[in-house]
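**Q** Got a structure here, written out as structure tokens. Questions coming.
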Amino acid sequence: MQSTAPDMTGSDRALMPDYLRLIALFGIVVVNVQYIAFSSLHGFAEPVGDDLADAITVWLVNGLALLKTYGLFSFMFGVGLGFLMRSAKARGLPFGRLYRNRMIGLVVLGIAHGCLFFPGDILTVYGLTGGVLYLMRNWAVRRLVHVGVALLGMQALVAPPLLLSEIEVSPEVFALEQLILTQGSFRDAVMFRSASFAFTLPFFLLIQGLSALGWFCLGLAAVKSGMIDDAGHPLWRLARRWCLWPGVGAGLVGAAIWQWGTPAPGVVLCIVSAPVATLGYLGLIAGLSRPRGAVMTRLLAAGGSSLSIYLGQSILLSTIFSGYGLGLWEAVGRMGAVVIALGVTILLMAALVLWRSHFKLGPFEWLLRRITYAGVQRGQPG
């Protein structure tokens, strides 16, 4: 799904979505690896990190990436809806059927991902919440923006009490998690992850669903207003000026309080400041969206296969850290886990560069496209 409107460079393709996906992939993996390489059963607000290097790593991850990268991907989901609407209209295809198929495909992939590799999957939330976005597809830009901001505000109110609530986990469950993820088979790990996924999905739908739908609305508004096609739009400059440093600064302060002070107010500050920082990141990425050379063109093409890289990150990292793979679960520090996660992402991007030199789409993009266009013929009524 690609934009066909001109961008500020005079190209026939908007560059900002490509840069956004590429950058967000690195942010999301440093967050996810914290729940792949280490126990996910401790309380959300509980500080982690056995030494200063690990504590600093967690501080930076929570301050710079936590909740922000999900926001970037959610924004791109709304952009994707706008692009799909454009494409369906231009090709005379039934948008309603395409969108329904796409949401079904995301849910199926998300459930498989959550049960097999990573219980923190977000695709299922996107697929289910995306059904609500369909009802908003014809809304005016102003209405989408107002509702999007309101939903982000609601998430900032709802998330803290839920994430700060104490859930008692018995020592036996911690011991079972350690046994399965350090010595268990792939089948054992899948059973444990499936149970974890079933338990966490309702909370994700409530906490992440509100935020996701808010960013969906803002992403769709960016397409309808033409902002996504114009990286030099004045509103992107305003986002850089008024949101980037206040949002990032508040996030880092909140993460520091969380890690080294009283966790609860630090968690609240991180959550409340996350949408502001995400807007700042969007403005910064718009400022970076310049014409590219040959190397950057290949990297951006690989980043365009974000679904394959996102799923590939979980597949490889869960294998590296589980007992049926390299067995590194809780065997390396937080900094080591982040380095491994970034290395895996670079490896996947290199592999996708080679793949995209022979194929138009990444493997999971191809699969989702097949599901999306299943049974759809040109000229059918929408």
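**Q** Among Gly148, Gly153, Gly131, Gly96, which is the only one that is crowded, with 17+ Cβ neighbours inside 10 Å and either at pLDDT 95 or above or part of a helix (DSSP H, G or I) (or both)?
**A** Step by step, each of Gly148, Gly153, Gly131, Gly96 is checked, and only Gly148 is crowded, with 17+ Cβ neighbours inside 10 Å and either at pLDDT 95 or above or part of a helix (DSSP H, G or I) (or both).
**Q** Leu316 fails exactly one of the following numbered conditions: (1) touching a residue at least 60 places away in the same chain (Cβ under 8 Å); (2) under 22 Å from Ser185 (Cα atoms). What is the number of that condition?
**A** Unmet condition: (1).
**Q** Looking only at residues in the stretch 20-50 that are within 13 Å of the chain's Cα centre (by Cα) and of a type outside the set (Val, Ile, Thr), which one is farthest from Leu288 (Cα to Cα)?
**A** The residue in question is Asn32.
**Q** Taking into account only those residues within the stretch 204-239 that are charged (D, E, K, R) and part of a helix (DSSP H, G or I), which is farthest from Ala150 (Cα to Cα)?
**A** Going through the qualifying residues, I end up with Asp229.
**Q** Need the failing condition index for Trp329 against (1) assigned to a loop (DSSP other than H, G, I, E, B); (2) surrounded by fewer than 23 Cβ atoms within 10 Å (Cβ to Cβ), just the number.
**A** (2)
**Q** While we're on this one: Going residue by residue through the stretch 112-126, is there one that turns out to be out of contact with any Ser or Thr (no Cβ under 7 Å at 6 or more places or on another chain), modelled with pLDDT of 95 or more, surrounded by fewer than 18 Cβ atoms within 10 Å (Cβ to Cβ) and among the hydroxyl-bearing types (Ser, Thr, Tyr)?
**A** no
**Q** Taking Leu84 as the residue in question, decide whether it is crowded, with 18+ Cβ neighbours inside 10 Å, aliphatic (A, V, I, L, M) and modelled with pLDDT of 95 or more.
**A** Answer is no for this residue.
**Q** Restricting the search to the stretch 119-147, which residues are closer than 26 Å to Ile309 by Cβ and not hydroxyl-bearing (Ser, Thr, Tyr)?
**A** The answer is Pro119, Gly120, Asp121, Ile122, Leu123, Val125, Gly127, Leu128, Gly130, Gly131, Leu133.
**Q** Those residues that are surrounded by fewer than 17 Cβ atoms within 10 Å (Cβ to Cβ) and within 14 Å of Tyr35 (Cα to Cα), I need them from the stretch 177-191; list them, please.
**A** Once the filter is applied, which keeps residues that are surrounded by fewer than 17 Cβ atoms within 10 Å (Cβ to Cβ) and within 14 Å of Tyr35 (Cα to Cα), the stretch 177-191 yields only Gln178.
**Q** Against the definition (modelled with pLDDT of 90 or more, within 23 Å of Tyr310 (Cα to Cα) and either surrounded by fewer than 19 Cβ atoms within 10 Å (Cβ to Cβ) or charged (D, E, K, R) (or both)), how does Ile23 come out, yes or no?
**A** In short, yes.
**Q** For the stretch 36-45, name all the residues that are modelled with pLDDT under 95 and either within 16 Å of Ile271 (Cβ to Cβ) or in a helix (DSSP H, G or I) (or both).
**A** If the condition is that a residue be modelled with pLDDT under 95 and either within 16 Å of Ile271 (Cβ to Cβ) or in a helix (DSSP H, G or I) (or both), then Gly43, Phe44, Ala45 are the ones that fit.
**Q** I've got another one for you. For the stretch 231-284, give me each residue that is buried (at least 20 other Cβ atoms within 10 Å of the Cβ), of a type in the set (S, T, N, Q) and free of Cβ contacts under 8 Å to residues at least 60 places away in the same chain.
**A** Of everything in the stretch 231-284, just one residue is buried (at least 20 other Cβ atoms within 10 Å of the Cβ), of a type in the set (S, T, N, Q) and free of Cβ contacts under 8 Å to residues at least 60 places away in the same chain, namely Ser273.
**Q** Within the stretch 49-72, work out how many residues are outside any helix (DSSP H, G or I) and crowded, with 19+ Cβ neighbours inside 10 Å.
**A** Summing the residues that are outside any helix (DSSP H, G or I) and crowded, with 19+ Cβ neighbours inside 10 Å in the stretch 49-72 gives 3.
**Q** Could you check how many residues of the stretch 348-366 are assigned to a helix (DSSP H, G or I) and either buried (at least 17 other Cβ atoms within 10 Å of the Cβ) or more than 19 Å from the chain's Cα centre (by Cα) (or both)?
**A** The number of residues fulfilling the criteria is 12.
**Q** Pairs under 7 Å by beta carbon, first residue in contact (Cβ under 8 Å) with a residue 40 or more places away in the chain in the stretch 326-351, partner charged (D, E, K, R) and part of a helix (DSSP H, G or I), six or more apart or different chains?
**A** Gly333/Asp54; Arg334/Asp54; Met335/Asp54
**Q** Then there is this: Which condition number does Phe174 fail, the rest of (1) in contact with a Ser or Thr (Cβ under 9 Å, 6 or more places away or on another chain); (2) crowded, with 20+ Cβ neighbours inside 10 Å; (3) modelled with pLDDT under 95 being met?
**A** It is condition (2) that Phe174 fails.
**Q** Continuing with this model, one more query. What number of residues within the stretch 192-221 are over 25 Å from Ala37 (Cβ atoms) and among the aromatic types (Phe, Trp, Tyr)?
**A** Counting residues in the stretch 192-221 that are over 25 Å from Ala37 (Cβ atoms) and among the aromatic types (Phe, Trp, Tyr) gives 2.
The values are calculated or read from the model by the stated rules, or taken from the named source; none is laboratory data. Remember, it's a predicted structure, so these values are computed and weren't measured experimentally. Heads up, the Cβs are rebuilt from the backbone with ideal geometry, glycines too, and the neighbour counts pull from every protein chain shown.
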